[in-house]
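These notes are about the structure you will find just below.
The values are calculated or read from the model by the stated rules, or taken from the named source; none is laboratory data. Since the structure is predicted, the reported quantities are computational estimates derived from the model, not experimental observations. Reconstructed Cβ throughout: ideal geometry from the backbone, glycine too, with neighbour counts over all protein chains shown. When the accessible area is computed, the model is the full protein with side chains, heavy atoms only, and any ligands, DNA or RNA have been set aside. Shrake-Rupley method; radii C 1.70, N 1.55, O 1.52, S 1.80 Å.
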Amino acid sequence: MCQCNCNGPKSDLSQLTDVLKEYGGVSSNLITILQKAQIIYGYLPKDVMYHIAQNVGVTPAEVMGVATFYSQFRLAPIGKYLIMSCQGTACHVNGSERIAAAISEYLGIANGETTEDGLFTLKNVACLGCCSLSPVMMINDETYGSLTPEKAISIFKELQKGENAE
């Protein structure tokens, strides 16, 4: 039973049953449980984190501390397309700030936000490890390099055109 006083829709906690059977009751498994929960739900809903805390034997604050410390965890749903805009040194030197500004302006969102239609989420990241392609961004599992603001916008226009065709 969730005691988190969560607002909004409740998550189907039964989806976590197998994960908690395998890893529950051991606090050293918390990161693994959170990773698997995020795969199930796409992010970490508040009621899910409370449920995990209850089943692992830690406080909800400890679960939230882990979830907010590691950048791999998301506390809100993301869009269909997760844009990771590299802001590492090589990308920065080659104009990544202009790319990020163009993306924000075109999509009407800031870092960490999702477009109203739920298609795009923008996340500025420290490094994608593709320095030879700088400036670079990833959209889901696809890498786009040697970007200019115009090239970045054309990529989004193509994705939007594909969405409208569906």
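Condition check: surrounded by fewer than 15 Cβ atoms within 10 Å (Cβ to Cβ) and under 14 Å from residue 12 (Cβ atoms). Does residue 42 satisfy that?
In short, yes.
Given 91, 86, which one is farther than 23 Å from residue 38 by Cβ, at pLDDT 95 or above and open to solvent by less than 40 Å² (accessible area, probe 1.4 Å)?
None of the other options fit; the residue is 91.
Is it true that some residue in the range 145-153 is buried (at least 16 other Cβ atoms within 10 Å of the Cβ), of a type outside the set (D, E, K, R) and within 17 Å of the chain's Cα centre (by Cα)?
No, the range 145-153 contains no residue that is buried (at least 16 other Cβ atoms within 10 Å of the Cβ), of a type outside the set (D, E, K, R) and within 17 Å of the chain's Cα centre (by Cα).
So is residue 100 without any contact (Cβ under 8 Å) to a residue 12 or more places away in the chain, buried (at least 19 other Cβ atoms within 10 Å of the Cβ) and not basic (Lys, Arg) or not?
Answer is no for this residue.
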